[in-house]
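The values are calculated or read from the model by the stated rules, or taken from the named source; none is laboratory data. The structure displayed is predicted, hence computed values, not measured ones. Glycine also receives a Cβ, built like all others from the backbone with ideal geometry; neighbour counts cover every protein chain displayed.
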Amino acid sequence: MNHPLETLLHRIADALERMAPVKRAPPPINGAEAFVWHAEPGEMEAVTIVNRIDIGLLCGIKSQKRLLLENTRRFAKGYPANNALLWGARGTGKSSLVKAVHATLRAEKDGHTLTLVEIHREEIASLPRLLARLRKNEGRYILFCDDLSFDGKDAAYKSLKAVLEGGIEGRPENVVFYATSNRRHLMPREMIENTGSIEIHGGESVDEKVSLSDRFGLWIGFHNCDQRTFFEIVEGYAEHYGLDIPSKTLRAEALEWSMTRGARSGRVAWQFIQDLAGRLGKPLR
């Protein structure tokens, strides 16, 4: 006959076991061509419709398209490829190019297993966990972080450095890391300069911060477009979406729109096209 205390302890243990959360196996990484990584609870959410445009509509960045396509195509075929940092002016097509390149290669024979996985800047610290999971899968993955940068005393850049190249395991062969940033060195210039001036060994600290960009073997620069390229982008969108408007009127309205925004870029062109399509009662499909 069980002792009353022993019976009570068994009942408490059973109750605690029922209250404990059930550990679920991570869902398989299949059934979608793109995912978003969520550090908590450590899962990848499938993206059913990726927000992107056709690569042919990305004008004024011919050399950038060629470089990223060639690097990604080699990776899709199983050959060595570099991590890529797409840096430069806002709205010039950096993130659009990453998504367009992925879509282009998915349509090719060697790229049908290529999967795009987005990780948010705020969750960079969980990158080792994500890479450990992707390492176990047979597919090939473009790990994408949009608008990557570091400020102040943010130490997450050290983890990123170790994971990309310098760690014991390093980057898995089936993963390539693409990031976009407005900064070439991922940190504000004044932060790097101030570090070098106030620390005893400031030069070493500066080298440590700048060397983060060195982990990206491919640097691709983006710059604001001139007026001719801006018109080319606008006209390409108008033709693609069947917006019936005289060329002279289209250019005049696009120029006025860019002047009110104080900039000429692919993003400004797209915003103008959305406004124009709305006024014409045309869906952008």
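Of the residues screened, Asp226 is one that is at pLDDT 75 or above, more than 21 Å from Ile124 (Cα to Cα) and among the charged types (D, E, K, R). Only residues that are in contact with a Leu (Cβ under 8 Å, 6 or more places away or on another chain) and within 17 Å of Arg279 (Cβ to Cβ) were counted in segment 236-249, giving 6. Any chance segment 140-148 includes a residue that's modelled with pLDDT of 85 or more, on the phi > 0 side of the Ramachandran plot and not in a helix (DSSP H, G or I)? Yes, the conditions are met somewhere in segment 140-148. Among residues of segment 104-121 being over 24 Å from Leu212 (Cβ atoms) and out of contact with any helix residue (DSSP H, G or I) (no Cβ under 7 Å at 6 or more places or on another chain), the one that is surrounded by the most Cβ atoms within 10 Å (Cβ to Cβ) is Thr115.
Tally the residues that are in contact (Cβ under 8 Å) with a residue 40 or more places away in the chain and on the phi < 0 side of the Ramachandran plot, restricting the search to segment 231-252.
Restricting attention to segment 231-252, the residues satisfying the condition of being in contact (Cβ under 8 Å) with a residue 40 or more places away in the chain are 232-233, 236-237, 240-242.
Now narrow it down to the ones that are on the phi < 0 side of the Ramachandran plot: 232-233, 236-237, 240-241.
Total meeting the criteria: 6.
A single entry from Leu243, Leu255 fulfils the requirement of being in contact with a helix residue (DSSP H, G or I) (Cβ under 9 Å, 6 or more places away or on another chain) and outside any helix (DSSP H, G or I): Leu243.
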